[in-house]
Structures are given as structure tokens and as C-alpha cells.
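The values are calculated or read from the model by the stated rules, or taken from the named source; none is laboratory data. Note that the structure is a prediction, hence the values are computed from the model and not measured. Methodologically, a virtual Cβ is constructed for each residue, glycine included, from the backbone with ideal geometry; neighbour enumeration extends over all protein chains shown.
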Amino acid sequence: MMKPLDIAIAGCGVAGLSAAVLLRAQGARVVIFDQFESPRPLGSGIIMQPVGMAVLDEIGCGDALRGLGAPITRLHGRNTPGQNVVLDVRYDARGANAESGLGVHRGALFQVLYDAARAAGAEIESGRSVASANDGRLHFTGGTQSARFDLVIDALGARSSLSTPAERPLPFGALWASLDWHESFAPDALEQRYLDARKMAGVMPIGRLQGRARNQAAFFWSLKHEARDAWAAADLDAWKAEVRALWPATEPLLAQINSHDDLVFAVYSHRTLSSPLSRDVVHVGDSWHTTSPQLGQGANMALLDALALARALTWQSDLSAALDEYARLRLWHIRLYQAASWMFTPAYQSDSKAFALLRDWIMAPVSRIPPAPQILAGLVAGQIGAPLSAMRD
């Protein structure tokens, strides 16, 4: 094990905060730099998978998040107008005692990690927009720079100024909103409705935020980038009618949306750097690898990256060797899930009728024939490729 390091982390999101807690536990001095005056989460709801929860347990805040979130036992989707079940992934296909997913508000995940990082002694400098990094220093917009650090970690996400951006976003993004929960929906499932693959609506229980009593649902609607401006300029009631026609049960949720500003448009892309090591920085989370949300792995992958980096820095006495070890621990699991997400995405978000027919009449029936249910459950749980086994102390 090498001497304790001085480490700078650019970005106060899931990847940055989890890395900060784990590295502080190893004795490192950690300073997080974030552009917001008050660091905050972006987005609505996510599913924490068993692999991600295992890392949160390692950090010490797994139970706190379980107390806020909503257990997700299955992913369930129907097409329209036939209402055929074309998505049915159940976590218990891996066994009666298999751990399920956990639907959480991004704000709840952020808060438990932020509290853990502060409790661990991580320093947080807000109002720092990172422009570049060089020779162990972060350079900020406005011309200032940080002190020199032994290691700079890029946790700035998909549009990181320290990483290589995706050439272009995926054709489809999604509108998201966090709304008050309604009993019209299954309390333990991510539910979706599709029209071919070009329209998709989803609802998922996400529990509550700290200090709040009311449970919430994440609502999302698939939308093409090229249609975003037209949607924002159009009558909101016309859009609601379109959603209602696809899925009438969403009416109680739609009634809570009063303006276009109540929804946030999320952009997705597929991009994986060939290595997490760039000149002067090491990348974690979306700054290294981004993908569509079809397998729900983004935050979970960030947590696994943070754990792998912390383990590698513990196991190796040389920084260069530790960073190579980090890349080795994560590379194949990331490639596997990037490939799987790339294959699944067109079946759920595309203009192709052929992919929708393939999903409805071939993929869906085959998915119910053993061992497909077990494989799909393991894939969604993040456990294909056994990402945690190589990181055991």
C-alpha cells in the first residue's frame, strides 16, 4: 500500500462522492471541486441494483438509502394496443432469496452520499467550474487553478471537460418528472407502455426524500432530440392527451404536471473510452463510459468504479500500477454492459417497426424460457460478469 495521497475529485455526483468516502477511509486527503454554489443532484429516479447497494453497504450508507427507497421486484412492460406483456424481468428468478432492486430519488442517493463524504472528512469546494487539468492541478474557468495533487479524478459525468465527449447523442432522450405517488401503479415494479419502439412511457416508485413524508413516483416519456423544441412550443394538454392515449392510468400523474418546466429532458449517449486513464487524470463513472438507461446501470457502474479505484490504490504500492489495476478490474464488466445496452436500446427506443416486432414476437417469448429469466435477472441486477468478486479484500 502506498503512502496516503492528496487527491482532487472534479465533480460532486455519485461517482465523486462515493470515491471520496472510500478514499478517505484509506487515509487520503480528498478535495471535491464542483461548479454549483450548493452541490445538488440532477434528474429524477433511478434503480439501485444489488451490485450498487453492495458498494453503498461498504461505504456505510446502504441502510439509510433502503429506508428512503422503494423495493423493485420486477420490470414489467406491455405494448399497445394489444397489451401483450413484452417485458417481464423478475429479480427472484435468481432465487427466492435474491436481492431486488431499489427505486430511489436521485436526491435521496445524493444526500446520503454527500452526508457520508462530509462525515468522512472530505473537503468540498463549490463554485469551481473545471476547464482542464495539468500536472496534478485543476484549472478553472476564470483563470484560477488548484494546488497540486498526487492524483486527479474526473467524476464530471458524460459532458466532462476532462474527457472525450460522445460524437453525438442517441436519437431518443426522455422527459422526466418526480411526482406524488398514486396507487394506480404497482408499488414494487418499474412499469412501461410502448407503441412500437417510438413511444414509451414509464412509471417507477422511488420512495421519498430525506425529511419528506410523501412517497414519489418517477415518470418518464421517450422523446426524440429533434422533437424537443416542437414539444416545448406545443400545447401541454395536447401532449398529455398523447400520453393518456398510450396509458390511461397515468392521468393522476399528468394532473400534477402544470407546465413544460415541470419536466426535465435527459440526454443519453453511447461512449466508452478505451482506457480510464487520460493524461493527468483518471476517469470514473460517466466520464469514462456512458450508455442508454435501458439496463438502469449508470449510478451502479459509478459506484463499482469508485470501489475498484479505492481497492487498486490499497493493493498497489505504486500509483501507476494501481491505476492499471483499476482499469483491469473494471474494463470487461463495462464492455459487457455497454454491448448489452447497445443491443437492447433499439427494441425500446427507435423508429424501427422491425425491432419492435422482434421484441414482441421473438425476444419476449424467448425471455420466458429457462434459463433466459435467470440470465435477464442477473443482467438487470448488474451481476453478470461477477464485478464484485475481483474486488474482495
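Side notes on the structure shown:
- In segment 5-15, the condition of being in contact with a Leu (Cβ under 6 Å, 6 or more places away or on another chain) and surrounded by fewer than 22 Cβ atoms within 10 Å (Cβ to Cβ) is met by at least one residue.
- Residue selected from segment 63-74 under the condition in contact with a strand residue (DSSP E or B) (Cβ under 9 Å, 6 or more places away or on another chain) and more than 30 Å from residue 86 (Cβ to Cβ), by the criterion surrounded by the fewest Cβ atoms within 10 Å (Cβ to Cβ): 67
- Taking segment 235-336 as the region of interest, the helices (runs of 4 or more DSSP H) fully inside it that hold 2 or more residues being touching a Leu at 6+ places or on another chain (Cβ under 8 Å), surrounded by fewer than 19 Cβ atoms within 10 Å (Cβ to Cβ) and free of Cβ contacts under 8 Å to residues at least 24 places away in the same chain are 236-246.
- Within segment 16-34, the residues that satisfy the criterion of being in contact with a strand residue (DSSP E or B) (Cβ under 8 Å, 6 or more places away or on another chain) and closer than 25 Å to residue 107 by Cα are 16, 17, 19, 20, 23, 24, 30, 31, 32, 33, 34.
- Checklist (1) of a type in the set (Ser, Thr, Tyr); (2) at pLDDT 95 or above; (3) under 28 Å from residue 81 (Cα atoms) applied to residue 326, failing item: (3)
- When 121, 82, 107 are checked against the criterion of being of a type in the set (Gly, Ala, Ser), modelled with pLDDT of 95 or more and out of contact with any Gly (no Cβ under 7 Å at 6 or more places or on another chain), 121 stands alone in meeting it.
- Residue in segment 166-177 that is touching a residue at least 12 places away in the same chain (Cβ under 8 Å), surrounded by fewer than 19 Cβ atoms within 10 Å (Cβ to Cβ), closer than 23 Å to residue 202 by Cα and in contact with an Asp or Glu (Cβ under 9 Å, 6 or more places away or on another chain) present: yes
- Tallying residues that are closer than 13 Å to residue 172 by Cβ and in contact with an Asp or Glu (Cβ under 9 Å, 6 or more places away or on another chain) within segment 183-200 yields 5.
- Check on residue 360, assigned to a loop (DSSP other than H, G, I, E, B) and more than 16 Å from residue 96 (Cα to Cα): no
- Residue match in segment 135-147 (condition: in contact (Cβ under 8 Å) with a residue 12 or more places away in the chain, buried (at least 20 other Cβ atoms within 10 Å of the Cβ), in contact with a helix residue (DSSP H, G or I) (Cβ under 7 Å, 6 or more places away or on another chain) and not polar (S, T, N, Q)): no
- Residues in segment 113-134 that are out of contact with any Phe, Trp or Tyr (no Cβ under 8 Å at 6 or more places or on another chain) and free of Cβ contacts under 8 Å to residues at least 60 places away in the same chain were compared, and the one that is surrounded by the fewest Cβ atoms within 10 Å (Cβ to Cβ) is 119.
Every residue, every condition in (1) acidic (Asp, Glu); (2) over 19 Å from the mean Cα position of the chain (by Cα); (3) part of a loop (DSSP other than H, G, I, E, B), yes or no:
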residue: 112; (1), (2), (3): no, no, no
residue: 138; (1), (2), (3): no, yes, no
residue: 148; (1), (2), (3): no, yes, yes
residue: 160; (1), (2), (3): no, no, yes
residue: 166; (1), (2), (3): no, no, yes
residue: 203; (1), (2), (3): no, no, no
